[in-house]
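These notes are about the structure you will find just below.
The values are calculated or read from the model by the stated rules, or taken from the named source; none is laboratory data. Fair warning: this is a prediction, and the values are worked out from it, not measured in the lab. As a convention, Cβ positions derive from the backbone with ideal geometry for all residues, glycine included, and neighbour counts pool all protein chains shown.
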Amino acid sequence: MTFQSKSRDSSEDIQAKRLVIKIGSSTLTDANGKVDAAYIEQLAAQVQELCARGCEVIIVSSAAITAGLEALAMPPKRPESIPILQAAAAVGQLELLRAYARAFEERHIRIGQILLTRFEIENRESYLHARDTLEKLLELGVVPLINENDTVAVDEIRFGDNDTLAAQVAILLKADLVILLSDIEGLYTADPRLDEDAKLLESIGSFTEEIVSSAGEAGTSRGSGGMVTKLEAARMLMAAAIPLVICEGHVPHAVLDAASGKPVGTRFAQGDGRRQAGARKLWLALSGSVKGSVLVDAGAVKALRERGSSLLPVGVGQVEGEFASGQAINIRTADGFLIGRGIVNYSADELRAAAGRKSSDIALDASLHHLANTEVIHRDQLVVF
Ligand code: GLU
């Protein structure tokens, strides 16, 4: 892959100090799945410029599985078999690491590898350890290179996509900006692969149902994300007041342009500062995998959004999925629009029995009265998107 050179004013202001850059598998590899060394070299050049201007950069890199399949002479289409995927990841991570190490060391930038699973993010102690290690690497001037530990991650502890992982890392490190480099230009009004009238949305200030419905479905055979996981990341980041740029990774200087606030791809605003949740609350509500959803009535939506209230059984309608008390669930409007996430204090069965009922009524129910004064999700364990 060659890159057009485009002249750029290197004195432009970089607004973000700490940046998380995530690169998708299809951006990092060629059609056969081979790691694109030239791509990584130009990325290293951009990172070097950012570092020279005092930025701290964290890279979340996909493509271990894709590169591993290529190295093992397997077809690039993702196989279903988990052991094959995990074996491919073990081989491909090394391919990736080699290409990054070569490109960055040529520019005298040291990189350090960290492989994470959801376990380290969900578990408060390992979460804080991961944070300390990453902070130390940044302090030492090292660029952390992060991927999911695909070789050991099983469903329960798997992110499955690096968009969400990048958002988690950014929240963990209180980054100032996340850049998702992808094979698509940004978010469109409709899926551009299906609708030729689809228009690029250059900036998004808040989530609406139109934005969510414009996302289309999952990604390519090489990448696992597509727009759906990018929007999931965008929501989490908005709750954490961290701006996000989604752009085509092959646009020359995409990273530098995104970092200096120039129009490139789709920029998601920082979100409503008044609603920004604290670090612990973000971790609590967003770190676990989501086990189900509750649909809530208009009164509950208003109370959650405008008054920062807890969610009570009386506001709950339908309950979807199976979950236990203490797990993470989504909160949706009656139409299914996602408005929040938090740790539920009821099991799915208890909540089905309590839904729509006042606490005075629940108190009279022999099987539920122990929950009469229990919020479905307490405000301290809930993030409103
Ligand atoms: N962790 C996966 C890999 O390195 C990529 C996940 C994704 O495509 O977002 O292959």
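List of remarks:
- Number of the condition not met by Leu97 [criteria: (1) more than 11 Å from the ligand (Cβ to nearest atom); (2) not in a helix (DSSP H, G or I)]: (2)
- Candidates Ala254, Ala218, filtered to the one that is small (Gly, Ala, Ser), at pLDDT 90 or above and at negative phi: Ala254
- Qualifying residue in the range 159-166 (condition: more than 16 Å from the chain's Cα centre (by Cα) and either surrounded by fewer than 21 Cβ atoms within 10 Å (Cβ to Cβ) or under 26 Å from Ala45 (Cα atoms) (or both)): no
- Some residue of the range 182-196 being within 15 Å of the ligand (Cβ to nearest atom), at pLDDT 85 or above and touching a helix residue (DSSP H, G or I) at 6+ places or on another chain (Cβ under 7 Å): yes
- Answer residue from the range 65-80, given it is at pLDDT 90 or above and in a loop (DSSP other than H, G, I, E, B) and is farthest from the ligand (Cβ to nearest atom) among those: Ala73
- Leu115 vs. criteria hydrophobic (A, V, I, L, M, F, W, C), closer than 22 Å to Lys174 by Cβ and out of contact with any helix residue (DSSP H, G or I) (no Cβ under 8 Å at 6 or more places or on another chain): no
- Yes/no for Leu145 being surrounded by fewer than 23 Cβ atoms within 10 Å (Cβ to Cβ), outside any loop (DSSP other than H, G, I, E, B) and either within 16 Å of the ligand (Cβ to nearest atom) or touching a residue at least 60 places away in the same chain (Cβ under 8 Å) (or both): yes
- Selection status of Ala166, of a type in the set (Gly, Ala, Ser), within 29 Å of Glu120 (Cβ to Cβ) and either assigned to a loop (DSSP other than H, G, I, E, B) or free of Cβ contacts under 8 Å to residues at least 60 places away in the same chain (or both): no
- If you go through the range 100-116 and keep only what is within 16 Å of the ligand (Cβ to nearest atom) and part of a helix (DSSP H, G or I), you end up with just Tyr100.
- Condition check for His129: assigned to a helix (DSSP H, G or I) and more than 14 Å from Ile40 (Cβ to Cβ): yes
- Close contacts from the range 193-209, counting a first residue that is within 18 Å of Ala240 (Cα to Cα) and without any contact (Cβ under 8 Å) to a residue 24 or more places away in the chain and a second that is surrounded by 12 or more Cβ atoms within 10 Å (Cβ to Cβ) and among the aromatic types (Phe, Trp, Tyr), with Cβ to Cβ under 9 Å and a gap of 6+ residues or different chains, come to Thr208/Phe337.
- Exactly one residue among Arg307, Arg352, Arg341 is of a type in the set (Lys, Arg) and crowded, with 16+ Cβ neighbours inside 10 Å, and that residue is Arg341.
- Looking across the range 81-94, the residues that are of a type outside the set (A, V, I, L, M, F, W, C) and away from the ligand (no atom under 12 Å from the Cβ) come down to Ser81, Pro83.
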